[in-house]
Amino acid sequence: MTPRPLPNSPAPHRVVALLAPPQATFPLACATEVFGDHGPAIPSHYAFEVCTEHPGPVPTQAGYDLLVTAGLDALERADTVLVPGWAEPAGTEVSPAVVAAVRAAHRRGARVVGICAGAFVLAAAGLLDGRRAATHWARAAELAGRFPQVTVDPAVLYVDHGDVATSAGAAAGADLCLHLVSSDRGAAYAMRIARQMVMPPHREGCQLQYAELPTTGPVADSLAPLLEWLSGRLDQPVSVAEMADRAQVSTRTLTRRFTGQLGISPGRWLLDRRIAATRALLEETDLPVETIAHRVGLSSAVNLRRRFHEALRTTPAAYRRAFRADTTS
């Protein structure tokens, strides 16, 4: 992922969802829940609207129509173009007008996001060429077959390149949208939205845990008990060997399970959680960096600053200035 610039403008970030018949309602609802109005309890930092190639009634897969009055010209003012699914029959080409509008928005600097089969629109526009991408596990083979220049990862919940992002099936769209909010406005703000949605700000695992299981062969042991144990001990040094002992497996087996179920190593997972905890403390407290380092298990301010910069390409001080000021606007 290429880190996006820290926010420096109080103007709402405009998210425009591109709809097409028959529109899938759940991925659209997930995006609306994240980027829409959350009432007076949560400051509004996004403006959400919808558009379609042919304005008017847009049939949905749920059996009712949506009246969409904005056409493709709405993408010209979008900061983020979001494609919440794309349910046209397999093999159907994305219209040239849609492809041109999406390309133009991306060239202008808009972020382009595909939820579930929305990745097909991004691929048709050439935005995924030579890049890794996600889509629903059931359509991963189709996406790879139609667009061989795209590296389709059927396991991950989402992939974010900064200017382009894709997610797995519909619910993973909420995961991606919350991740984008966290990148834009900070982890604490994303957590507030997630709490209102009654969902975790970050789900563990990969989408293969939801795919149809083979009729034979073992099912991998869940890492959930170990992850819960680790999450309660971020302030303590924990080695991979200690994780393996806790899970009652060898370090090699533990690493294989982490790679298979989460797509990363045990050490990487633990560091990511510590960075996430650091972000929340920087945003919500005035604690010194040295104190935060000990609270999240990074041992010292020097180590925290190095790890933080490696992950986010900014310093804890700069991050705190940007996001603390941003949350008060």
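The values are calculated or read from the model by the stated rules, or taken from the named source; none is laboratory data. These figures come from a predicted structure and were not determined experimentally. Cβ placement follows ideal geometry from the backbone for every residue including glycine, while neighbour counts extend to all protein chains displayed. Each accessible area value is taken on the protein alone, full model and side chains, heavy atoms only, with ligands, DNA and RNA left out. Shrake-Rupley method; radii C 1.70, N 1.55, O 1.52, S 1.80 Å.
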Output for Cβ contacts, cut-off 7 Å, separation at least six or different chains, first residue in contact (Cβ under 8 Å) with a residue 40 or more places away in the chain in segment 234-256, second in a helix (DSSP H, G or I) and open to solvent by less than 50 Å² (accessible area, probe 1.4 Å), reads LEU234/ARG273; LEU234/ARG274; LEU234/ALA277; VAL238/LEU230; VAL238/LEU270
Which of the residues spanning segment 102-132 are open to solvent by 20 Å² or more (accessible area, probe 1.4 Å) and in a helix (DSSP H, G or I)?
-> ARG103, ALA104, HIS106, ARG107, ARG108, CYS116, ALA124
Looking at segment 158-275, what helices (runs of 4 or more DSSP H) fall wholly within it and have at least 3 residues that are modelled with pLDDT under 85 and either open to solvent by 30 Å² or more (accessible area, probe 1.4 Å) or within 29 Å of VAL302 (Cα to Cα) (or both)?
-> 187-197, 224-231, 251-262
Test GLU33 against the criterion of being modelled with pLDDT of 95 or more and of a type in the set (Asp, Glu), and give yes or no.
-> no
Examine segment 132-141 for a residue that is closer than 21 Å to VAL102 by Cα, more than 16 Å from the chain's Cα centre (by Cα) and of a type outside the set (Lys, Arg), and state whether such a residue exists.
-> no
Here are some residues: LEU298, LEU312, LEU271, LEU287. Which one is without any contact (Cβ under 8 Å) to a residue 24 or more places away in the chain, touching a helix residue (DSSP H, G or I) at 6+ places or on another chain (Cβ under 7 Å) and hydrophobic (A, V, I, L, M, F, W, C)?
-> LEU287
Of all the residues that make up segment 276-293, how many are crowded, with 18+ Cβ neighbours inside 10 Å and not in a helix (DSSP H, G or I)?
-> 0
Filter pass, GLY145 being surrounded by fewer than 23 Cβ atoms within 10 Å (Cβ to Cβ) and touching a residue at least 40 places away in the same chain (Cβ under 8 Å) = no
Restrict the check to segment 306-329 and report whether at least one residue is within 23 Å of GLY186 (Cβ to Cβ), part of a helix (DSSP H, G or I), open to solvent by less than 50 Å² (accessible area, probe 1.4 Å) and at pLDDT 90 or above.
-> yes
Scan of segment 294-305 for residues that are in a loop (DSSP other than H, G, I, E, B) and among the polar types (S, T, N, Q), ordered by number = SER299, SER300
